[in-house]
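> So that we are looking at the same thing, I have put the structure below in structure tokens.
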Amino acid sequence: MAHSTRIALVTGANKGIGLEIARQLAQAGIIVIIGARDPGRTRAAVDMLAADGLVAHAVRIDLTDHASIATAAEAIRTQHGQLDILVNNAGIVDGGDGPPSTGSVEAARRIMDTNFIGTLAVTQAMLPLLRLAPAARIVNLSSALGSLAVNGDPASPYYSARLIGYNASKAALNMLTVQLAEELRGTAIVVNSVSPGYVRTDLTGHMGFMTPAEGAALPVAYALLGTDAVSGSFVEPGGNSPW
């Protein structure tokens, strides 16, 4: 079942960058599905977009509950038949995270379970639906903190951000991008890692220098890449990021 209107799933889209990504995709004429854990917050996000005349739907997805992911994939298949865009935006930080010598092992485990394992599970569940689209796009929301080069560069402004769990989770997410892009080379599915920049959200403790709307711009651009799309890249607002 092919659609003239594209369908997008944005995980963790009930607030922050995710909500702004959903808003900008909807403004571009995409039917957006907001995936999040809390049904009340998800419904509030859908209503907020609807108040602006934008079409959005809700689906419950908890990245640590793989049964919820399977249920969401089936709901999307039943209601929409395919998926054109997957934005893997959902992610967490943890107060117990820190440098390798002192960061909580359990905090690192929680972060990896959501940011990497959960994203991998969502991607695997949605791939059959993405394969049905004429030109599907996967955008993985990464971070400069996931760059091995940046973590080893004393000149980088992010050099001192030693969060072994979070940084490792984004490096692992980049590995997913690289491997999946190669696995899907020659297909109609394009996969990229996008670092939105330092954005003022709950995740950053509202310490960033970009608004959520500004941070959403690059992920949205990669979600809407045309037929000449490059796959397997790691990009940030200033250009390509070092792995």
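The values are calculated or read from the model by the stated rules, or taken from the named source; none is laboratory data. Predicted, not measured: the structure shown is a model, and the values here were computed from it. Here the Cβ is made from the backbone with ideal geometry for all residues, glycine too, and neighbour counts use every protein chain on show.
> Checking G103 against (1) out of contact with any Gly (no Cβ under 7 Å at 6 or more places or on another chain); (2) under 21 Å from T119 (Cβ atoms); (3) at pLDDT 95 or above, only one condition comes out false. Which one?
Condition not satisfied by G103: (1).
> Kindly indicate whether N89 is surrounded by 19 or more Cβ atoms within 10 Å (Cβ to Cβ), within 17 Å of I34 (Cα to Cα) and modelled with pLDDT of 95 or more.
yes
> For residues in the stretch 192-224 being modelled with pLDDT of 85 or more, assigned to a loop (DSSP other than H, G, I, E, B) and touching a helix residue (DSSP H, G or I) at 6+ places or on another chain (Cβ under 7 Å), which is surrounded by the most Cβ atoms within 10 Å (Cβ to Cβ)?
P196
> Can you tell me which condition A13 does not meet? The list is (1) surrounded by 15 or more Cβ atoms within 10 Å (Cβ to Cβ); (2) assigned to a helix (DSSP H, G or I), and all the others hold.
Failing condition for A13: (2).
Each row is one residue, and each column tells you yes or no for (1) on the phi > 0 side of the Ramachandran plot; (2) buried (at least 19 other Cβ atoms within 10 Å of the Cβ); (3) touching a strand residue (DSSP E or B) at 6+ places or on another chain (Cβ under 8 Å).
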position	(1), (2), (3)
P39	no, no, yes
I85	no, yes, yes
P100	no, no, no
V105	no, no, no
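> Can you go through T123, T114, T64 and tell me which one is under 22 Å from Y222 (Cα atoms) and touching a residue at least 12 places away in the same chain (Cβ under 8 Å)?
Of T123, T114, T64, the one residue that is under 22 Å from Y222 (Cα atoms) and touching a residue at least 12 places away in the same chain (Cβ under 8 Å) is T123.
> Can you work out which of the residues in the stretch 113-140 that are crowded, with 19+ Cβ neighbours inside 10 Å and more than 22 Å from E74 (Cβ to Cβ) is nearest to the chain's Cα centre (by Cα)?
N140
> Which residues, counting only those in the stretch 149-185, are surrounded by fewer than 16 Cβ atoms within 10 Å (Cβ to Cβ), assigned to a loop (DSSP other than H, G, I, E, B) and modelled with pLDDT of 95 or more?
Correct list: G152, D153, P154, A155, R185.
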